[in-house]
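Notes follow once the structure below has been shown.
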Amino acid sequence: MRIVKEAEERKNEILDVAERLFGSKGFDHTSTNDILNEIGIARGTLYYHFKSKEEILDAMIERMTERLLKRAGEIAGQEDVPVLQRFTRMMLAFHVNDGDFGQELLEQVHKPQNALMHQKMQERLLSGITPLITALIREGIAQGICRTDYPKETAEMTFLYAGTVFDGLREYGREERQKKIAAFIYNLERLLDMEQGTLEGAVLPVFQGKEV
């Protein structure tokens with residue numbers, strides 16, 4: 001008997017399978033046939049929801065980043081928590097360590113052969129997280145914690161630099177990792193006109209993956 005599923009349910013099923021296959025095989029090495037065979041649907045059903053494999057990728061990244069940004073936004077909005085502590089917790093929200101957020105897929109994203117996936121995810125995260133970091137910087141300015149005439153631009157530079165340099169942090173030796181992290185903290189404090197050492201307690205846990 002043919003199983004007829006609601007459009008949204010079928011769409012999410014396609015995305016679930018694509019996420020798993022992209023995570024295990026990579027985007028370039030996964031074909032639409034792989035997805036069809038895994039689900040057991042006709043090509044016409046797939047194309048009813050998505051016109052191409054890249055459109056599937058776009059929807060999958062949108063779904064994943066929406067979850068991450070929702071979690072980060074909830075943390076950023078907890079005004080009863082000190083602003084620097086919220087920054088730490090918000091950035092830790094992007095540390096993916098459970099099945100709900102596609103650990104295998106994110107590992108694939110950082111591989112050179114999946115540059116398109118990485119670019120698309122970085123662009124989506126940048127557009128979503130910049131307003132959150134900007135709002136925290138503005139709070140810091142209002143509280144006299146930091147000072148800058150360019151909160152949005154500082155937020156963008158912080159995210160882009162961190163995303164570019166620290167994607168492959170594990171590949172560096174211990175001494176080189178510590179040097180890059182120390183330089184990042186030092187320069188971020190300069191951008192925000194903060195006293196040296198102010199951000200160490202807020203930023204170090206992000207790289208260590210520890211809750212605060």
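The values are calculated or read from the model by the stated rules, or taken from the named source; none is laboratory data. Bear in mind that the values here come from a model prediction, so they are computed numbers and not experimental data. Here the Cβ positions follow ideal geometry from the backbone for every residue, glycine too, while neighbour counts run over all protein chains shown. In case anyone asks, the SASA skips ligands and DNA or RNA and just uses the protein heavy atoms, side chains included. Shrake-Rupley method; radii C 1.70, N 1.55, O 1.52, S 1.80 Å.
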Evaluate region 173-191: report whether one residue or more is at negative phi, part of a loop (DSSP other than H, G, I, E, B) and at pLDDT below 90.
-> yes
Just to be sure, is Glu195 assigned to a helix (DSSP H, G or I) and either farther than 20 Å from Met121 by Cα or within 17 Å of the chain's Cα centre (by Cα) (or both)?
-> no
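Would you say Asp28 is open to solvent by 40 Å² or more (accessible area, probe 1.4 Å) and at pLDDT 90 or above? Steps first, please.
Details: open to solvent by 40 Å² or more (accessible area, probe 1.4 Å): yes; at pLDDT 90 or above: no.
In short, no.
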Within region 53-87, residues under 30 Å from Phe22 (Cα atoms), open to solvent by less than 50 Å² (accessible area, probe 1.4 Å) and over 14 Å from the mean Cα position of the chain (by Cα) come out as Lys53, Ile56, Leu57, Ala59, Ile75
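State all residues of region 36-70 that are β-branched (Val, Ile, Thr) and closer than 21 Å to His118 by Cα; if no residue qualifies, say none.
Hits for region 36-70 are Ile56, Ile61, Thr65.
Could you please find all residues in region 159-172 being open to solvent by 40 Å² or more (accessible area, probe 1.4 Å), part of a helix (DSSP H, G or I) and modelled with pLDDT under 75? Steps first, answer last, please.
First pass over region 159-172, keeping only residues open to solvent by 40 Å² or more (accessible area, probe 1.4 Å): 160-161, 164, 167, 170-172.
Checking which are part of a helix (DSSP H, G or I) leaves us with 160-161, 164, 170-171.
Within region 159-172, Thr164, Arg170, Glu171 qualify.
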Filter region 107-138 for residues that are more than 16 Å from Ala76 (Cα to Cα) and at pLDDT 85 or above; the one that is surrounded by the most Cβ atoms within 10 Å (Cβ to Cβ) is Arg124
Taking the stated definitions as given, is Ile141 open to solvent by 50 Å² or more (accessible area, probe 1.4 Å), within 22 Å of Glu79 (Cα to Cα) and at pLDDT 90 or above?
-> yes
If we keep only residues of region 144-158 that are part of a helix (DSSP H, G or I) and of a type in the set (A, V, I, L, M, F, W, C), then the residue least open to solvent (accessible area, probe 1.4 Å) is Ala155
